[in-house]
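The block underneath contains the structure these notes are about, expressed in structure tokens.
We did not get these values from a lab; they are worked out from the coordinates using the rules stated. Keep in mind that what you see is a predicted model, and the values were worked out from it rather than measured. Here Cβ is always computed from backbone atoms with ideal geometry, including for glycine, and neighbour counts include all displayed protein chains.
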Amino acid sequence: MKYYSTRFWTLVLLLQTILFSCRGLRTEIYREETRHRYNQACKLYKQGDYQTARSELENIIGLDPDYGQAHAALGNLALIGEDYAGALAYYQEAVAVDPELEADLRPLIMVAGAHEARAPLQKAGVGLDQIYQLIMGDRRAEVEALLAKDIPLQLLANDTMGITPGRLGAMQRKLAEAENPMIGSVRYRLFSGYFLFYGQNDDALATAVIHSAVDGAAGRERQEALVVLGKLHARQGETNEAVDAYLAAVDAGLPMTEVAHHLARVYRVDIESILLPIEEPADDAVSREPMRIEISTYLPSPPGPELGSVSDAKNPHLIERRGSPYTF
């Protein structure tokens with residue numbers, strides 16, 4: 001009996017040794033299986049059988065979580081289904097497990113991110129195409145009603161999806177030529193100023209319109225308006241006014257970390273020189289009031305200026321379709 005027991009354990013150890021020595025071979029065979037299943041999923045995808053393709057891709061990831069192409073392909077399916085948050089998650093996971101995919105997926109990540117950012121506008125059912133019809137028809141009261149919704153005005157003003165460049169230009173000219181652009185609600189004037197700011201046609205007018213509304217804004221809306229005001233001043237070479245606007249945003253409650261890069265750009269310095277280092281207080285240290293960074297707003301004139309294939313998401317409205325060796 002002891003003889004058979006010894007033979008049994010000897011055989012077990014021998015088998016373990018053989019399996020361990022062949023682990024590289026087993027891994028390669030395993031990866032070949034996932035490649036085959038991935039190719040089958042691609043065929044299903046191209047045939048329009050998205051549900052079965054998705055199920056097969058999920059099975060592949062269950063077998064091999066590091067198979068980046070499968071994560072990217074699931075991102076494409078999510079993009080087609082207008083699940084932009086899901087697409088972003090899949091693409092980011094694909095890059096995490098296979099960094100070589102980053103160059104091919106970057107355009108799709110940007111597309112998914114842009115659509116995800118538009119979610120508040122889609123939820124409210126508001127877009128520049130609607131605003132265009134109303135402004136060109138001199139129906140300001142209806143524009144005011146749309147802008148009264150809980151939507152981010154900067155996002156709306158810079159949302160060019162669904163509207164042609166010709167219409168954008170026509171609306172910018174219409175707002176610039178208004179008899180009195182300083183009238184209307186605070187949100188109407190902020191939107192008009194932002195729209196002109198992004199159009200870059202009349203920075204002086206955009207500055208005046210936002211300035212006329214900023215005092216009536218509150219909270220985050222006031223902070224954002226002051227930052228845009230600072231950008232407008234900076235773009236016009238009005239350095240002191242730009243710094244004043246940025247610091248006013250900080251006074252309005254915006255964290256210095258969200259303003260520091262604007263100030264650093266104005267001062268032509270590294271951002272680290274704007275932000276104070278964070279030090280851990282000693283246990284017995286006396287609590288002190290937060291330090292406020294004082295920056296002179298009177299500055300000298302600023303110095304002169306210092307001298308991969310895209311994955312196919314199978315959606316012509318989102319991105320030009322081109323082949324990729326990594327994702328279908």
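Let me know the whole percent of all Cα-Cα pairs from the stretch 125-273 that are separated by more than 28 Å. Summing the P(r) of the stretch 125-273 above 28 Å gives 20 percent of all pairs. Within the shell of other residues whose beta carbon sits under 14 angstrom from the beta carbon of residue 236, the net charge comes to -3, with Lys and Arg scored +1 and Asp and Glu -1. Structural size metrics of the stretch 141-202, computed from C-alpha coordinates, are Rg and Dmax of 11.2, 29 Å. Taking Lys and Arg as +1 and Asp and Glu as -1, the other residues whose beta-carbon sits under 14 Å from that of residue 188 total +2.
Determine the sum of side-chain charges near residue 143: Lys and Arg each +1, Asp and Glu each -1, restricted to other residues whose C-beta is under 12 angstrom from that of residue 143. List each step's numbers first, then the result.
On the way: positive: 139, 140, 149, 174, 187, 189; negative: 138, 142, 144.
Neighbourhood net charge equals +3.
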